Amino acid sequence: MDQKTVRSLERLQETASTARVLNLLRIDRLNRRNPDHSASPFFENETLNKSIVLKHRVRRDEAELFPDRRRLATKIIVPIDVNDLRFGGRTIFVGQSNFEQVMHAAFGESWGQNLADREMLEILDSLPSLDPFLLRERLRSEGRAPARCYFEVSDADMQRMISFVEREIRKLVDLCFAGSSSDNHKAGARLVEKILSITVDAETEPLRLTLRLERDEYQDGVFCWKGFLYYKWTLHDALPAAKRVAEAVATIRPRGDSSLETRSYLERTRGLLADQLKELCNSATASLKVYDDAFDSLVDGQPQAFREFLLSAPSMFNALGERLGALNHIVSFWKYRFPDGKMPVVTPDELLDIFNDFEGSLAFSDAPLAKSAA
């Protein structure tokens, strides 16, 4: 591992997106005295449970590592020294051609018998992102329940979310906290911090009692609340870029010779992809309005409606997480391939690969968001 990569690892927690990185090493450092962490680990293998898992955009020189033509891979970084990342680490891609041999080399013969960890990696690899709300709901559907500490928003995203969340719950703050605007601002900041950290203390006790939730229910309910705030922020952040990508997909023209079949596919698919991207954004917006309506009921003095929403709504995380993960993958890849909105020369075959990837990302197996939210 070169020095540039090492420096990138050391800065990972400062800049990492929640949807891209599951930093098990940092979770281990912060929760060594947490009995739930040791009782319900994410991976059974202790070394694997101190690794860093990332969703990684496959570069051209890495494509040959995989038997399939994937553009998004799940990367595992196993530090050589968990106390000092300057020593580097071993990098493994889930599903790479020699995956079994590499895993045996990294974890010994016991890897062959560790079905639980093998299945956990398969679940992670099947997801479009590592966002904790999608991840927790998918694992719960598989009968898995790692400790709550594994499902937190990264420090970097927390900082980026704060001002957005403060605006989102401003009506609740104004209702709950009387006093000067300065007091309201401080109270709002404290409430945002506690919602984002799922803190249960004396300051949140009035909210818990208003919602008539037991302490465990309150933690689950606020986790759900945080999930919808996270998805609203994610969509709000991605919408401008998504619209630009949809317009570019509809208009980009490759240069170079191509077969009649390729030209026909590109012309047929470009409009379909652009429409699907727009529909995805519209459906996600409509789905999140279900949360908005429930929150408005809380502000309007009907806490029971918001309580019921919080306890039942995690079922929406699969559809929301998959779609917003796919949207972020498409937007991220387009920015990477065409930085600053510039349209460099792209061959018909390369554009065909990109469109194929986008088609796969947008092929969802369940009902459309707008229907599932109804």
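Points worth noting:
- Residue count for segment 113-149, restricted to those that are touching a Lys or Arg at 6+ places or on another chain (Cβ under 8 Å) and either more than 20 Å from residue 323 (Cβ to Cβ) or not assigned by TED's automatic domain parsing to the domain that holds residue 94 (or both): 1
- Among the conditions (1) modelled with pLDDT of 85 or more; (2) more than 23 Å from the chain's Cα centre (by Cα); (3) charged (D, E, K, R), residue 357 misses just one, which is (2).
- Complete set of residues in segment 122-144 that are among the hydrophobic types (A, V, I, L, M, F, W, C) and not in a helix (DSSP H, G or I): 127, 130
- In the set 24, 115, 85, 12, only one residue is more than 22 Å from residue 333 (Cα to Cα), of a type in the set (A, V, I, L, M) and at pLDDT below 85; that residue is 85.
- Here the condition is being in a helix (DSSP H, G or I), at pLDDT 90 or above, closer than 28 Å to residue 54 by Cα and of a type in the set (Asp, Glu); of 237, 275, it holds for 237 alone.
- Scanning segment 56-66 for residues that are over 21 Å from the mean Cα position of the chain (by Cα) and at pLDDT 85 or above gives 62, 64, 65, 66.
- Lone qualifier among 273, 280, 310 - being more than 27 Å from residue 240 (Cα to Cα) and among the aliphatic types (A, V, I, L, M): 310
- Qualifying position, being among the polar types (S, T, N, Q), under 30 Å from residue 271 (Cβ atoms), surrounded by 21 or more Cβ atoms within 10 Å (Cβ to Cβ) and in contact with a Lys or Arg (Cβ under 9 Å, 6 or more places away or on another chain), among 356, 318, 328: 328
- Test for residue 346: is it in contact (Cβ under 8 Å) with a residue 24 or more places away in the chain, not acidic (Asp, Glu) and not in a helix (DSSP H, G or I): yes
- Qualifying residue in segment 321-342 (condition: modelled with pLDDT under 85 and not in a helix (DSSP H, G or I)): yes
- Pairs meeting the criteria (first residue in segment 276-297 and among the basic types (Lys, Arg), second residue not in a helix (DSSP H, G or I), beta carbons under 9 Å, at least 6 apart or on different chains) are 289/373.
- Complete set of residues in segment 138-163 that are at pLDDT below 90, in contact with a helix residue (DSSP H, G or I) (Cβ under 7 Å, 6 or more places away or on another chain) and more than 20 Å from residue 26 (Cα to Cα): 161, 162
- Filter result for residue 53 (hydrophobic (A, V, I, L, M, F, W, C), crowded, with 16+ Cβ neighbours inside 10 Å and modelled with pLDDT under 90): no
The values are calculated or read from the model by the stated rules, or taken from the named source; none is laboratory data. Remember, it's a predicted structure, so these values are computed and weren't measured experimentally. All Cβ positions, even for glycine, are placed from backbone atoms using ideal geometry, and neighbour counts span all protein chains on display.
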